[in-house]
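Working notes, beginning with the structure itself.
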Amino acid sequence: MKITEADKTRSKQLVKDYIKGHIMEYFERNSPLSIQGLEHTGSVYERLKMETSDEVDFMVVVKTAKPGRPGLRSDPGITVEQTGKPGYVHFRAREGSTLHSFTTPEELISPERFRDRWLHSLVSRAAKDFNKSSPSSDVSLHVRQHGPAVQLDITEKKTCTKLLSVDLVPSLETDAGEHFVPKPNKSLSTRHPDLVWRQSFSLAEKATLKKMDKDDHGCRHELFGIVKTLVQKEPTSLGALNSYHLKTAL
């Protein structure tokens, strides 16, 4: 079940060379928004990915501070509006805000516009730039939409084998350190349900998993990995539960 050290090393090198290397360097040169950084999320960084390290997840956290205003964490033109539904908010950006170009006529930041016009556009241009400027490279980069994420596939040219699939999810961080991602819930009985942002607990969950066995040197984390693998591989009575259900329960 465990990923081999060689597989882990290969995955880390691909991330270092092409994601933290080319993609993020391209962002620094061309993004109209400042990046707080990449947050490692998902099963690989929770040590719950089994067998192969063929996919990784990152949350791309955006700084909302205006350029030239050191020490000011949040853009004063942005306000967080509660929707009345726990875990869901609206972000309002007034004219002059760094994020106003992604708003609707109501001045609410559109999750879809933010993801497509900013992140997807930038990643696509970065991948195209790499493929064009590195014809002698052994790999090529390919971009596609994947739900709220932008998926970047690193593919070996010679064999057309996908070496690593990277999901990049954009995130807005509030003053309180809360992260919100573009996962609207159109079934919510609230105003503008297609413009809501959903709170992400990925970083808190990763921290909980990391320390869950610390006090008594237990094996809960390892047990979770085993149960998750069994559910994915065997048609058991737990088959209707996905890995997130299992994570929450355990």
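This table checks each residue for (1) more than 26 Å from VAL44 (Cβ to Cβ); (2) in contact with an Asp or Glu (Cβ under 9 Å, 6 or more places away or on another chain); (3) open to solvent by 80 Å² or more (accessible area, probe 1.4 Å); (4) at pLDDT below 85.
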{"site": "SER200", "(1), (2), (3), (4)": "no, yes, no, no"}
{"site": "LYS206", "(1), (2), (3), (4)": "no, yes, no, no"}
{"site": "LYS210", "(1), (2), (3), (4)": "no, yes, yes, no"}
{"site": "ASP213", "(1), (2), (3), (4)": "no, yes, no, no"}
{"site": "CYS219", "(1), (2), (3), (4)": "no, yes, yes, no"}
{"site": "ILE226", "(1), (2), (3), (4)": "no, no, no, yes"}
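Select from the stretch 127-151 the residues that are of a type in the set (A, V, I, L, M) and in a strand (DSSP E or B) and list them in ascending order.
Pass one, the stretch 127-151, residues of a type in the set (A, V, I, L, M): 127, 139, 141, 143, 149-150.
Result: VAL139, LEU141, VAL143, ALA149, VAL150.
Just checking, does the stretch 231-243 include any residue being assigned to a helix (DSSP H, G or I), at pLDDT 80 or above and open to solvent by less than 80 Å² (accessible area, probe 1.4 Å)? Lay out the reasoning, then the answer.
So the first thing to find is which residues in the stretch 231-243 are assigned to a helix (DSSP H, G or I), and the list is 231-233, 243.
Subsequent filtering for residues that are at pLDDT 80 or above retains none.
No; the residues of the stretch 231-243 include none that is assigned to a helix (DSSP H, G or I), at pLDDT 80 or above and open to solvent by less than 80 Å² (accessible area, probe 1.4 Å).
Among the residues in the stretch 162-183, are any open to solvent by less than 80 Å² (accessible area, probe 1.4 Å), more than 18 Å from the chain's Cα centre (by Cα) and acidic (Asp, Glu)?
Taking every residue of the stretch 162-183 in turn, none turns out to be open to solvent by less than 80 Å² (accessible area, probe 1.4 Å), more than 18 Å from the chain's Cα centre (by Cα) and acidic (Asp, Glu).
Kindly indicate which of LYS214, LYS132, LYS162, LYS158 is in contact (Cβ under 8 Å) with a residue 60 or more places away in the chain, out of contact with any helix residue (DSSP H, G or I) (no Cβ under 7 Å at 6 or more places or on another chain) and charged (D, E, K, R).
Values: LYS214 fails: in contact (Cβ under 8 Å) with a residue 60 or more places away in the chain; LYS132 fails: in contact (Cβ under 8 Å) with a residue 60 or more places away in the chain; LYS158 fails: in contact (Cβ under 8 Å) with a residue 60 or more places away in the chain.
Sole residue among the options that is in contact (Cβ under 8 Å) with a residue 60 or more places away in the chain, out of contact with any helix residue (DSSP H, G or I) (no Cβ under 7 Å at 6 or more places or on another chain) and charged (D, E, K, R): LYS162.
Restricting the first residue to the stretch 100-123 and requiring it to be in contact (Cβ under 8 Å) with a residue 12 or more places away in the chain, which pairs with a second residue that is part of a helix (DSSP H, G or I) and open to solvent by 30 Å² or more (accessible area, probe 1.4 Å) meet a Cβ separation below 6 Å and a spacing of at least six or different chains?
Close Cβ pairs satisfying both conditions: PHE102/ARG113.
Which ones in the stretch 144-161 are open to solvent by 20 Å² or more (accessible area, probe 1.4 Å) and within 16 Å of GLY42 (Cα to Cα)?
HIS146, GLY147, PRO148, listed by residue number.
In the stretch 17-30, how many residues are farther than 30 Å from SER97 by Cβ and modelled with pLDDT of 90 or more? Don't jump to the end; show me each part of the working.
So in the stretch 17-30, the residues farther than 30 Å from SER97 by Cβ come out as 17-18, 21.
Retained after the next criterion (residues that are modelled with pLDDT of 90 or more): 17-18.
Within the stretch 17-30, residues that are farther than 30 Å from SER97 by Cβ and modelled with pLDDT of 90 or more number 2.
Taking the condition assigned to a loop (DSSP other than H, G, I, E, B) and at pLDDT 85 or above, does LEU33 pass?
yes
Which of the residues spanning the stretch 125-153 are under 21 Å from GLN13 (Cα atoms), under 16 Å from the mean Cα position of the chain (by Cα) and of a type outside the set (A, V, I, L, M)? Give the derivation first.
Initially, the stretch 125-153 is screened for residues under 21 Å from GLN13 (Cα atoms), giving 126-131, 133-143, 150-153.
Going one step further and asking which of them are under 16 Å from the mean Cα position of the chain (by Cα), we end up with 143, 150-153.
GLN151, ASP153, listed by residue number.
Would you be able to say whether some residue in the stretch 225-235 is in contact (Cβ under 8 Å) with a residue 40 or more places away in the chain, within 27 Å of PHE91 (Cα to Cα) and touching a helix residue (DSSP H, G or I) at 6+ places or on another chain (Cβ under 7 Å)? So that I can check it myself, show each step before the final result.
Taking the stretch 225-235 first, the residues in contact (Cβ under 8 Å) with a residue 40 or more places away in the chain are 225-226, 228-229.
So of that shortlist, the ones also within 27 Å of PHE91 (Cα to Cα) come out as none.
Checked against the condition, which is being in contact (Cβ under 8 Å) with a residue 40 or more places away in the chain, within 27 Å of PHE91 (Cα to Cα) and touching a helix residue (DSSP H, G or I) at 6+ places or on another chain (Cβ under 7 Å), the stretch 225-235 yields no hits at all.
(1) touching a residue at least 12 places away in the same chain (Cβ under 8 Å); (2) farther than 22 Å from VAL143 by Cβ; (3) not aromatic (Phe, Trp, Tyr): which one isn't true of GLU5, the others all being true?
Evaluating GLU5 over (1) touching a residue at least 12 places away in the same chain (Cβ under 8 Å); (2) farther than 22 Å from VAL143 by Cβ; (3) not aromatic (Phe, Trp, Tyr) leaves (1) as the failure.
Can you confirm whether SER97 is closer than 21 Å to THR161 by Cα and either open to solvent by less than 70 Å² (accessible area, probe 1.4 Å) or outside any helix (DSSP H, G or I) (or both)? Steps first, please.
Numbers: closer than 21 Å to THR161 by Cα: no; either open to solvent by less than 70 Å² (accessible area, probe 1.4 Å) or outside any helix (DSSP H, G or I) (or both): yes.
So SER97 does not fit the description; no.
Quick check: is even one residue across the stretch 84-94 in contact (Cβ under 8 Å) with a residue 60 or more places away in the chain, open to solvent by 30 Å² or more (accessible area, probe 1.4 Å) and among the small types (Gly, Ala, Ser)?
Applying the first criterion (in contact (Cβ under 8 Å) with a residue 60 or more places away in the chain) to the stretch 84-94 yields 84-85, 87-91.
When the remaining residues are screened for being open to solvent by 30 Å² or more (accessible area, probe 1.4 Å), the result is 84-85, 88.
When the remaining residues are screened for being among the small types (Gly, Ala, Ser), the result is 84.
Yes, the stretch 84-94 has at least one match.
Considering only residues that are part of a loop (DSSP other than H, G, I, E, B), at pLDDT 70 or above and farther than 30 Å from LYS16 by Cβ, which ones fall in the stretch 52-83?
Answer for the stretch 52-83, where residues must be part of a loop (DSSP other than H, G, I, E, B), at pLDDT 70 or above and farther than 30 Å from LYS16 by Cβ: GLY77, THR83.
The values are calculated or read from the model by the stated rules, or taken from the named source; none is laboratory data. Everything numeric in this text was worked out from a predicted model, so none of it was measured. No Cβ is skipped: glycine too gets one built from the backbone with ideal geometry, and neighbour counts run over all protein chains shown. The accessibility values were calculated without ligands, DNA or RNA, using every heavy atom of the protein model including side chains. Shrake-Rupley method; radii C 1.70, N 1.55, O 1.52, S 1.80 Å.
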